[in-house]
Amino acid sequence: MAPRHALIFIGGYSPSPSVRNQLPEPALVIAADSGWAHATAMGFQPDVLIGDMDSIQPKHLVDAHASDAEVIEHPTDKDLTDTELALQLARKFEYRHIHLVSGGGDRFDHLIAMVHSLVHHADDATMSAHVGDHYIHIVTPREAAQLELAVGSTVSLIPLGGNAKGVTTSGLQWELQRDTLHSFASRGVSNITTSPEVRISLRTGALAVISSTNKGNQ
């Protein structure tokens, strides 16, 4: 049986139309605030709209209330971003495969927070994302990454929240064997795939595996 995916669309720039064919078939679609427009533009009908509704267009908010979607509105003065609220909701429903879609945006702080939010939930679920022209897969000791990428693709391994220890790879030009990638160094940046199948695992810590192509398989 195929895994049940929760698909989350967030605000910012519109995702590339080329991403559409690379998305998993979702069992649940969540729009975070203005992510409603991105979801519907790609042909998805959100099951839930969540956020403080400070960036969604008024006509889209009207459409959401007129649809079958559940609308969960939060105050603007809150501790969590709309993205984090959407991620928490997906985990509340016990989805173990969560994929986030973003076109990127002009708020660099939001992008950083978004990636760290993925790590926050990665102990209990497979977390991945399309952000602009990049695919991100979070690797933890619980679950290795197995990616299908074109040979010659650029792949970066970025430690998050501390050092990543016991990192082992296969299918890359510069392989790692139980190595440590330090969180304040750039050693994991710009590796190159030598095989269409890439595997990355670690013993402790967390990695954001970022590929310069849009294709990746959990």
Percent carbon-and-sulfur accessible area, the chain, ignoring ligands, DNA and RNA, probe 1.4 Å: 50
Inter-centroid distance (Cα atoms) of the range 13-44 relative to the range 150-210, Å: 28
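Enter the accessible area per residue of the range 121-218 (Å², integer; probe 1.4 Å; all protein chains in place).
45
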Segments 103-116, 68-81 sorted - mean Cβ within 10 Å per residue, highest first: 103-116, 68-81
Nearest-0.05 FRET efficiency for residue 14 and residue 78, computed from C-beta distance (R0 30 Å): 0.75
Order of exposure, largest accessible area first, which applies to 20, 142 with probe 1.4 Å: 142, 20
Per-pair calculated FRET efficiency, R0 = 35 Å: residue 186 and residue 146 via Cβ, rounded to 0.05: 0.90
DSSP-defined beta bridges in the chain - what % are antiparallel, rounded to 5: 55
Reachable aspartates and glutamates, given that their alpha-carbon falls under 13 Å from the alpha-carbon of residue 59 and they are not under 8 places away in the same chain: 33
Extreme residue, positive dipole direction of the chain, given options 162, 67, 152 (C-beta unit charges): 152
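Just subtract the alpha-carbon distance of residue 66 and residue 91 from 0.36 nm times their residue separation and send over the number in nm, one decimal.
Stretched out fully, the residue 66 to residue 91 stretch lengthens by 6.4 nm.
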Length released on extending from residue 165 to residue 194, taking residue separation times 0.36 nm less the Cα-Cα span: 8.1 nm
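The values are calculated or read from the model by the stated rules, or taken from the named source; none is laboratory data. On a predicted model such as this, the values are computed, not experimentally measured, just so you know. Heads up, the Cβs are rebuilt from the backbone with ideal geometry, glycines too, and the neighbour counts pull from every protein chain shown. In case anyone asks, the SASA skips ligands and DNA or RNA and just uses the protein heavy atoms, side chains included. Shrake-Rupley method; radii C 1.70, N 1.55, O 1.52, S 1.80 Å.
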